[in-house]
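Q: Structure provided below as structure tokens; questions to follow.
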Amino acid sequence: MGVVYIGDRAVGKTHLALALTKSKGNYVRVNLVNQNNQNIQANLLNLDGTIKPTKTIEKCSLNVEVKLPIGVSKISVDWIDSPGELFRRSWQFEHINEWQNFQEIVSKSAGIFLIVPPYREILQPHIDRENFITRQQWCNRFNRWVEFFINDCSQPRRIIICLNKADLINCDIEQEISLLSYLPHGSNLNWLQRHNYVINNYFQPVKSELEKINQSRSGLSVRCFITSIYHRNLLELPWIYLASYLDN
Ligand SMILES: Nc1nc2c(ncn2[C@@H]2O[C@H](COP(=O)(O)OP(=O)(O)OP(=O)(O)O)[C@@H](O)[C@H]2O)c(=O)[nH]1
Ligand SMILES: [Mg+2]
């Protein structure tokens with residue numbers, strides 16, 4: 001199953017996937033196939049193991065195991081990481097062939113993770129705002145993602161939108177985690193309720209845009225999550241969701 005991570009520069013695409021391979025999971029275990037693969041070292045990581053900004057489209061094989069109530073679901077994932085650069089219009093105009101190749105990859109993939117950053121107005125007061133876009137800019141950018149989903153990924157598939165860096169958002173993160181966390185027998189919320197909760201609390205400014213994506217395809221395919229590389233429970237949620245969906 002191909003899963004592509006998309007999103008602008010430095011939103012956390014690479015960290016989000018690799019964080020899952022690092023710490024011990026509750027319900028999700030992710031292993032890089034050929035973990036010592038030199039390409040991974042060369043392309044994704046610095047010598048000290050920290051993650052580099054992504055330069056080219058990277059493909060890695062992952063073994064994902066998700067503990068579901070009915071047993072362990074094993075999924076082989078071709079994880080495709082893209083550099084944020086790709087989504088700049090100027091880059092697309094200058095690299096027409098590469099952009100078409102990427103659209104081709106996207107059209108064949110089973111799942112797409114769009115990673116978006118928090119915007120200034122929802123950050124905790126002590127965070128440096130200069131590094132984040134304003135709500136208005138965030139909404140404008142989101143509209144372009146909607147165009148991308150409608151024009152460039154018209155085949156039905158799962159779209160997962162992660163508002164990443166949730167640890168920087170002015171909210172009670174522990175409370176959010178206990179509400180949203182997955183428990184195999186009796187979570188507080190089901191998948192639709194989680195999605196609606198996240199939309200109402202974090203994606204309110206683009207609610208009608210999200211509707212547009214859903215209306216452009218038959219069968220509901222968009223689910224929104226909040227994620228943070230520092231909170232494993234949140235990181236695992238999209239994968240548990242994907243595995244539950246594939247199992248049905
Ligand atoms: N606070 C916080 N920082 C994060 C989180 N995820 C990623 N970061 C930071 O964001 C920066 C960018 O992360 P990357 O994973 O390289 O971002 P990317 O989207 O892959 O960027 P490109 O490859 O350049 O497109 C790094 O400094 C990370 O430490 C998060 O959940 N919380
Ligand atoms: Mg990257």
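Q: Could you look through the range 181-194, keep only residues that are modelled with pLDDT under 95 and within 19 Å of the chain's Cα centre (by Cα), and pick out the one that is surrounded by the most Cβ atoms within 10 Å (Cβ to Cβ)?
A: TRP191
Q: Another question about this same structure. Filter the range 105-126 down to residues that are closer than 16 Å to ILE159 by Cα and either within 15 Å of ligand 1 (Cβ to nearest atom) or part of a helix (DSSP H, G or I) (or both), then give me how many there are.
A: Final tally of qualifying residues: 9.
Q: What single numbered condition from (1) free of Cβ contacts under 8 Å to residues at least 12 places away in the same chain; (2) under 15 Å from the mean Cα position of the chain (by Cα) fails to hold for ASN97?
A: Every listed condition holds for ASN97 apart from (2).
Q: In the range 89-104, which residues are farther than 24 Å from ILE159 by Cα and not aliphatic (A, V, I, L, M)?
A: SER90, PHE93, GLU94, HIS95, ASN97
Q: If you go through the range 190-218 one residue at a time, how many are outside any helix (DSSP H, G or I), in contact (Cβ under 8 Å) with a residue 12 or more places away in the chain and closer than 18 Å to PRO238 by Cα? Don't jump to the end; show me each part of the working.
A: Within the range 190-218, the subset outside any helix (DSSP H, G or I) is 190, 203, 216-218.
After this cut, where a residue has to be in contact (Cβ under 8 Å) with a residue 12 or more places away in the chain as well, the list is 203, 216-218.
Next, only the ones that are closer than 18 Å to PRO238 by Cα stay: 203.
Total meeting the criteria: 1.
Q: Does the range 159-173 contain any residue that is within 14 Å of ligand 1 (Cβ to nearest atom), in contact with a Gly (Cβ under 7 Å, 6 or more places away or on another chain) and at negative phi?
A: Looking for residues that are within 14 Å of ligand 1 (Cβ to nearest atom), in contact with a Gly (Cβ under 7 Å, 6 or more places away or on another chain) and at negative phi, one finds at least one in the range 159-173, hence yes.
Q: Go through the range 74-101 and report how many residues are hydroxyl-bearing (Ser, Thr, Tyr) and either within 11 Å of ligand 1 (Cβ to nearest atom) or outside any strand (DSSP E or B) (or both).
A: Residues that pass the stated criteria total 2.
Q: Just checking, how many residues over the range 144-180 are of a type in the set (Asp, Glu) and either free of Cβ contacts under 8 Å to residues at least 40 places away in the same chain or buried (at least 19 other Cβ atoms within 10 Å of the Cβ) (or both)? Quick ask: steps written out before the conclusion?
A: Kept after step one, since they are of a type in the set (Asp, Glu), are these residues of the range 144-180: 147, 152, 167, 172, 174, 176.
Filter again for either free of Cβ contacts under 8 Å to residues at least 40 places away in the same chain or buried (at least 19 other Cβ atoms within 10 Å of the Cβ) (or both), leaving 147, 172, 174, 176.
Counting residues in the range 144-180 that are of a type in the set (Asp, Glu) and either free of Cβ contacts under 8 Å to residues at least 40 places away in the same chain or buried (at least 19 other Cβ atoms within 10 Å of the Cβ) (or both) gives 4.
Q: Inside the range 73-119, can you point out the residues that are within 16 Å of ligand 2 (Cβ to nearest atom) and farther than 18 Å from MET1 by Cα?
A: PRO83, GLY84, GLU85, LEU86, PHE87, ARG88, TRP91, ILE115, VAL116, PRO117
Q: Scan THR21, THR54 and give me the residue that is touching a strand residue (DSSP E or B) at 6+ places or on another chain (Cβ under 6 Å), within 16 Å of ligand 1 (Cβ to nearest atom) and assigned to a loop (DSSP other than H, G, I, E, B). Before you say what the answer is, go through the steps one by one.
A: Values: THR21 fails: assigned to a loop (DSSP other than H, G, I, E, B).
Answer to the check: THR54.
Q: In this structure, does GLY84 turn out to be at pLDDT below 90 and within 25 Å of VAL198 (Cα to Cα)?
A: no
The values are calculated or read from the model by the stated rules, or taken from the named source; none is laboratory data. These numbers were taken from a predicted model, which means no experiment stands behind them. Here Cβ is always computed from backbone atoms with ideal geometry, including for glycine, and neighbour counts include all displayed protein chains.
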